[in-house]
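What follows is one structure encoded as C-alpha cells, with my remarks underneath.
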Amino acid sequence: MKISQHGLMAGVVGTSLMMSLPVVAQNRLQLWYEQPAKSAMNEALAIGNGRIGGLVFGGTANERVVLNENSLWTGDENPSGDYDSMGAYQVLGNLHLALPGHETVTGYRRDLDISESIARVRYQAAGANFVREYFCSNPDGVLVVRLTADRPGRYSGHMALTDGHQAPVIAQSNRLVAAGALENGMKYETQLAVRHEGGTLRVEGDRIAFNNCNSLTFLLAAGTDYVMDSARQWRGEAPQQRVARQIEAASAKSDGALKAAHVKDYQSLFNRVKLDLGHSPAERLALPTDRRKVRHAEEGGDPALEELMFQYGRYLLISCSRPGGLPANLQGLWNESNNPPWHSDYHSNINVQMNYWPAEPTNLPECHEPFLNLIRSQLPSWRKATAQANEFQTPAGAMTTRGWAIRTSHNISGGMGWKWDKTANAWYGQHLWEHFAFTRDAKYLQGFAYPILKEICEFWEHHLKTLPDNRLVVPNGWSPEHGPDEDGVSYNQQIVWDLFNNTIEASRVLDID
C-alpha cells in the first residue's frame, strides 16, 4: 500500500463535451451506472459545496435534482429536551427538467467523478449525443447544471422548481424564485437562473420553457437567515439580497470559468492524499459500480474499488463540510424529506464523531472546522440546559454550576433531544484536541480549544464520584444503546481519561494552569 499527501496539482484537466458516446475513458476515481437512480438517498449522485447540496437522479426525459441548504431547520432551543420539539433538518425543494423525445435512449451512462467533483449524464437520442454536467461550486456558491449536445437546436422542453414547503414559485424572464418561512420563523429563499445558446426561452406560469436551444446552463443559489450566534437568537439578515448577489455574480462568469474555479478549489483539498492499494483486473474496472460492488462482496480481489471507497469518503466530507458552514449531520447535507430518519440531526453518541474521524488523518483539517465552530456556538444554550437539569446534581446534591453536558441529539439552534449522553462533552473535546494535534496551531489551541477543554474538565471535577478505594468514576453512566446505567462504565471512563490527559498536554504546550 502506498499513501501520499501533497499540495494542489498544477492545472485543471478539462473534459470534452463533444464526444462519441458511449466510449468513456476508465477513471479509477469514478462511480458510474448504466441506469438512472430510483432512490434519492441510496442511488442518486450526491454533489455539494459544503452548504448547498444536490441529489442527481439522471433521468433522460424527466430529470429530478433534490435540493438542500444545510441551515434549513425547524425547531429551536427547547429547554425540556423533548425530542419531538427539537426540530428536524428540512428539504429545500426539487429542480425538475422535462425533455420530451428523450424517453428512448442508447449508450446511457450516469457517473460521479470524485477527482473533479462533477456528476455527468450521457446518452444518445434522436441522432445526437447529449451530455449534462452537475456540480456545486464553493467559490461561487451556486449549483450548476450544464446541458450540451453535439448537434444544434436539440434542447426543447421546460424546467420547474418546487419548494419543499409549498412556497409559491415565481417565474420572471429567465429566473425562478421561491421564498418562504418555516414554523420557527426561519426565512429562506431559492433562486434559479437559466441561460441559453440558440433557441428561445419563455415563461409558462411558474416554469420556464425552452425551444430549439443548442445548450442550457442552470445556476441555483439558496440561503436562510440562520447565523451561528445564540446572542442573535440564531437569526441574521434575510437571505434575498445575498442569494440574488450570488446569482448575479455567477451569471457574469462563463461556464468554463465557473467550472475551472470549482475544480481548482475542490482539488486543493482532494488532491492532498493519494492511496494505492494495488491493481484490479481490467474486467473489474470495466464494470459499473453497482455490479462491481456485488462482485467484490462475493469474490474480493478489487483493491481499486477499496481505494475508490476511501476517496469517496473524503469526497463526501469535502462536499458537506466547509469553513463558514455547518457540519455534516446524520445524512451529510443530503435529505429529501421534511421528516427524515432521526430528524437528520447531530447524534453525539458516536455518529457525528464518525463523520469527522477521517478529517485530520486524511489531511482535511479545514473540513473539521464547521463541527468545532458549531460546538462553540451552542455552549450558551447547553450551559443553561445543564444547569437546570436534575440529572446533573453533584454528589453532594447541589445543582451543577460548572460546565455543560449534551443530550444524545441536538440541532443547530441550542436545542437538544432524548437522553443525556453524559460524557459526550468529553468526546467532543477529543475533536477539539485532535485538530490541534494534527495542525499544531498554538493560536487555535489557546484562543479556541483550551478554554472549552478546561470547562469540560471543570464539569467532571464537579461530577466524578469517589469510590471507597479513592478511585474516581463517572457516576450512573451508560454505554450508548448498550447495557444498564451504572458507575464506572468503560466507555465513560476512557473518554474522560482522554479528556484530562489531552487537557494536561494542552496546558503544557501553552505553559499555563
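The values are calculated or read from the model by the stated rules, or taken from the named source; none is laboratory data. Not measured: the values here are computed from a predicted model. Neighbour counts are summed over all protein chains in view; Cβ atoms, including those assigned to glycine, are modelled from backbone coordinates with ideal geometry. Ligands, DNA and RNA are stripped out before the accessible areas are found, and what is left, the full protein with its side chains, is counted by its heavy atoms. Shrake-Rupley method; radii C 1.70, N 1.55, O 1.52, S 1.80 Å.
Annotations for the structure displayed:
- A straight line joining the Cα centroids of segment 80-157 and segment 160-214 runs 16 Å.
- Cut-off under 5 Å, modelled amide H: who pairs with residue 169 long-range: none
- Segment 203-276, accessible surface, carbon-and-sulfur percent (1.4 angstrom probe): 47
- Normalised by 2.2 N^0.38 Å, where N is the number of residues, the alpha-carbon radius of gyration of segment 24-92 equals 1.54.
- Under the Karplus curve 6.51 cos²θ - 1.76 cosθ + 1.60, θ = phi - 60°, whole-Hz ³J(HN,Hα) for segment 192-209, x wherever Gly or Pro sits: 10, 10, 10, 10, 9, 10, x, x, 9, 10, 8, 7, 10, x, 9, 9, 10, 9
- The candidate values were (i) 1.30; (ii) 1.01; (iii) 0.99; the one computed from these coordinates for Rg/Rh (Cα atoms, Kirkwood Rh) carries the label (ii).
- The order of the peptides 64-72, 370-378 by mean Cβ neighbours within 10 Å, most packed first, is 64-72, 370-378.
- Anisotropy class of segment 405-467 from Cα gyration tensor, a/c 1.5 cut: oblate
- Accessible area per residue in Å² at 1.4 Å probe, computed on segment 327-453: 35
- Per residue value of the accessible surface for segment 115-190 (all protein chains in place, 1.4 Å probe), Å²: 33
- Cα convex hull of segment 388-513 - mean projected area over all directions, nm²: 8.9
- Cβ charges +1 (Lys, Arg) and -1 (Asp, Glu), total dipole of segment 255-363, debye: 260
- By a 1.4 Å probe calculation restricted to protein chains, residue 512 has an accessible surface near 60 Å², given to the nearest 10.
- Each distinct pair of alpha carbons in segment 462-513 adds a 1/r term; the inverse of their mean, the Kirkwood radius, is 12.3 Å.
- Mean separation of Cα contacts under 8 Å, 6 or more apart, over the residue count of segment 30-159: relative contact order %: 24
- Only Lys, Arg (+1) and Asp, Glu (-1) charged, at Cβ; the chain dipole about Cα centre in debye: 1420
- Of the residues 225, 150, the one with the largest accessible area comes first in the ranking 150, 225, computed with a 1.4 Å probe on protein heavy atoms.
- Cβ-placed point charges (K, R +1; D, E -1), dipole of segment 129-203 about Cα centre in debye, nearest 20: 300
- Rolling a 1.4 Å probe over the protein heavy atoms leaves residue 85 with an accessible area of roughly 50 Å².
- Nonlocal amide H pairs with residue 406, under 5 Å, H built at 1.01 Å: 421, 424, 425
- Distance from segment 378-429 to segment 281-350 (C-alpha centre basis), Å: 32
- Peptides 437-443, 226-232 ranked from most to least packed give 226-232, 437-443, packing being the mean of other C-beta atoms within 10 angstrom over each peptide's residues.
- Within the same chain, lysines fewer than 8 places from residue 259 are excluded, and of the rest, those with a Cα less than 26 Å from its Cα are 274.
- Protein accessible area in segment 342-434, 1.4 Å probe - carbon and sulfur %: 54
- Euclidean distance of C-alpha centroids, segment 460-513 and segment 220-269, integer Å: 42
- Options 447, 459, 489, ranked by Cα towards positive dipole end of segment 434-513, top entry (Cβ charges): 447
- Listed residue pairs exceeding 27 Å between alpha carbons, taken from 384/454; 384/419; 293/419; 419/454; 384/465: 293/419
- In the chain, taking the dipole from charged Cβ atoms about the Cα centre, the farthest positive-side position among 162, 347, 258 is held by 258.
- The aspartates and glutamates whose alpha-carbon is closer than 12 Å to the alpha-carbon of residue 38, local same-chain residues fewer than 8 away aside, are 63.
- Taking every DSSP helix (H) stretch of at least 4 residues in the chain, weighting each as -39,500 (n - 2.57) and dividing the sum by the residue count yields a mean residue ellipticity at 222 nm of -9000 deg cm²/dmol.
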